[in-house]
1. Within the stretch 54-70, track down each residue that is among the acidic types (Asp, Glu) and touching a helix residue (DSSP H, G or I) at 6+ places or on another chain (Cβ under 7 Å).
2. Go through the stretch 57-71 and give me each residue that's of a type outside the set (Val, Ile, Thr) and touching a Phe, Trp or Tyr at 6+ places or on another chain (Cβ under 9 Å).
3. Just checking, how many residues over the stretch 90-102 are modelled with pLDDT of 95 or more and in contact with a Gly (Cβ under 9 Å, 6 or more places away or on another chain)?
4. Got a sec? Which helices (runs of 4 or more DSSP H) wholly within the stretch 1-86 have at least 2 residues that are under 19 Å from residue 104 (Cα atoms) and of a type in the set (A, V, I, L, M)?
Amino acid sequence: MQNIQKPGDAFIGKAYRAESGLAIRGETAEDIVNFEARELGNIDIREQARSLGIDLSSIKERNVVWVTKTPGDGRRYGIPEEYPLPKGSIILSSDGDGGYLVWKRGEQNEV
């Protein structure tokens, strides 16, 4: 059984990422969750992330990534590969389909 994690949890286990080809224009995590809400209709992604009380505008876009916990979940986006996350990475949102928006917290995050 897969370990279910929720926003605010440290990401545990292996992460997988498939390049979807979708380019999100923005400079911060706030820009990413706003894009998810406004352009893709994923309002819950933005609400989950904002509910954590983290200043999303202080996290650089390059320090946020969509990953999955299994290669199977990542296949809908392309060919998944194992993706190294720094220890202490935090889940900002989950899409309910196996995708997790993760703050790579161990990396520089100042704007």
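The values are calculated or read from the model by the stated rules, or taken from the named source; none is laboratory data. Model, not experiment: these values are computed from the prediction. Note that each Cβ is placed from the backbone with ideal geometry, even for glycine, and that neighbours are counted across all protein chains shown.
1. 61
2. Of everything in the stretch 57-71, those that are of a type outside the set (Val, Ile, Thr) and touching a Phe, Trp or Tyr at 6+ places or on another chain (Cβ under 9 Å) turn out to be 63, 66, 69, 71.
3. Summing the residues that are modelled with pLDDT of 95 or more and in contact with a Gly (Cβ under 9 Å, 6 or more places away or on another chain) in the stretch 90-102 gives 4.
4. Numbers: elements: 29-38, 43-50, 71-74.
In the stretch 1-86, 29-38, 43-50 are the helices (runs of 4 or more DSSP H) which contain 2 or more residues that are under 19 Å from residue 104 (Cα atoms) and of a type in the set (A, V, I, L, M).
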